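The values are calculated or read from the model by the stated rules, or taken from the named source; none is laboratory data. Just so it is clear, the model here is predicted, and its values are computed rather than measured. Because the Cβ atoms are built from the backbone with ideal geometry, glycine has one as well, and the counts that use them run over all protein chains shown. Only protein heavy atoms, including side chains, enter the accessible area calculation; ligands, DNA and RNA are left aside. Shrake-Rupley method; radii C 1.70, N 1.55, O 1.52, S 1.80 Å.
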Amino acid sequence: MSTDTHLLPPRAPDPATRWPQGAGTIVSVTIHIDGPSVEAGQGLPCAGIHSRSRYSMRRGIYRYLDMLARHGVPASFFACGYDVEHYPAPHRDILAAGHEIAAHGYQHEAWDLGAAEPGLLEKTHRIIEDKLGMSPVGWCSPSGRKSALTIPTLQRLGYIYDASEKDLDEPYLLPGAAGEPSAFVTLPNNTVSLDDAPVYNMGQALPDEIYDNWVAEFEAIRKHEGYVQLTVHPKAGNGSGTPARARTVDRFLAYLKQAPDVRFVTMRTLAEHCLRHQDNWSTLVQAREHRA
């Protein structure tokens, strides 16, 4: 048996309701906190050379909270359960500043989880609820890996979006149950050029090079789908937590704000908008073919 997926085109797209607030281009700033959970998941002590992720908790998060407040930009912070469990205060400060917190694994798992996956998804969800007094509705795989267990577990827990896929330039819906409207949307992310970590880590780019690339990506996207999801990491090392790299993000936000058709929204706001205006979006369906 083979399983294939394809997209049913939108039924009756309405340009007036395509993006929130009547925007021509929508920008969602997503901040993957990636604190000491990264080292804990690898069995490493968060000390010495392995303390770069702790920078998120001590300085990076607060540098970005200041930056976002200065620009008046809402953001979605993706948090690992381990980090919320051991460092609840910075996460409470994120919520107090009016930003979204979404889930991002327990210990930033970068391996196939098998039957343990639902339990870890539930564990992180409960930690966020217990420590922060809110229920996340969004998730992004810390490794990009997913299984047949992932989405059903997220839906059972009340999630409405996943930001893990890289397979389209705009949102798309998952089908609802038994002919019902969709209750879940995929908000794809571009880890090739709109995510700081691989560009710094694998591409060895300089901050000014990343800024020029982000501007080029944005200007191209404005002429096409109009959906920008920018991903940054407030850690030291292969992220944008430290001053020069954070300044690149600061410059880019200032550039984006100059465009009159741009609106900034959290991922939750975007997901809720897509679910309210389902005729605007394609729907993912599965076709099963049985072979001898």
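Every listed requirement among (1) surrounded by 16 or more Cβ atoms within 10 Å (Cβ to Cβ); (2) touching a residue at least 40 places away in the same chain (Cβ under 8 Å); (3) within 20 Å of R18 (Cβ to Cβ) is met by E165 save one, (2).
Being more than 20 Å from S37 (Cα to Cα), surrounded by 15 or more Cβ atoms within 10 Å (Cβ to Cβ) and either more than 16 Å from the chain's Cα centre (by Cα) or modelled with pLDDT of 95 or more (or both) is true of L174. For segment 242-288, which positions are hydroxyl-bearing (S, T, Y) and closer than 20 Å to E170 by Cα? T266, T269, S282, T283 - these are the residues of segment 242-288 that are hydroxyl-bearing (S, T, Y) and closer than 20 Å to E170 by Cα.
Checking each residue in segment 168-197 for being part of a helix (DSSP H, G or I) and touching a residue at least 40 places away in the same chain (Cβ under 8 Å) picks out D196, A197.
If I filter segment 1-56 down to residues being surrounded by fewer than 13 Cβ atoms within 10 Å (Cβ to Cβ) and hydroxyl-bearing (S, T, Y), which single residue comes out as nearest to A197 (Cα to Cα)? Selected residue: T5. Every condition in (1) assigned to a helix (DSSP H, G or I); (2) within 30 Å of G158 (Cβ to Cβ); (3) under 19 Å from the mean Cα position of the chain (by Cα); (4) modelled with pLDDT of 95 or more is met by R263 except one, and the failing one is (1). Consider G114 carefully, then state whether it is at positive phi and modelled with pLDDT of 95 or more. It is false that G114 is at positive phi and modelled with pLDDT of 95 or more.
Of all the criteria given as (1) farther than 30 Å from G237 by Cα; (2) surrounded by fewer than 18 Cβ atoms within 10 Å (Cβ to Cβ), the one not satisfied by G203 is (1).
On the basis of being open to solvent by 10 Å² or more (accessible area, probe 1.4 Å), hydrophobic (A, V, I, L, M, F, W, C) and assigned to a helix (DSSP H, G or I), does I210 make the cut? It is false that I210 is open to solvent by 10 Å² or more (accessible area, probe 1.4 Å), hydrophobic (A, V, I, L, M, F, W, C) and assigned to a helix (DSSP H, G or I). Of the helices (runs of 4 or more DSSP H) lying entirely inside segment 1-104, the ones with 1 or more residues being without any contact (Cβ under 8 Å) to a residue 12 or more places away in the chain are found at 61-71, 88-96. If you go through segment 145-162 and keep only what is open to solvent by 20 Å² or more (accessible area, probe 1.4 Å) and within 20 Å of H6 (Cα to Cα), you end up with R145, K146, S147, A148, L149, I151, P152. Within this structure, S135 fails the test of being open to solvent by 40 Å² or more (accessible area, probe 1.4 Å), touching a His at 6+ places or on another chain (Cβ under 9 Å) and within 18 Å of T30 (Cβ to Cβ).
Of all residues in segment 229-257 being of a type in the set (S, T, Y) and surrounded by 19 or more Cβ atoms within 10 Å (Cβ to Cβ), which is farthest from A216 (Cα to Cα)? Among them, the one singled out is S240.
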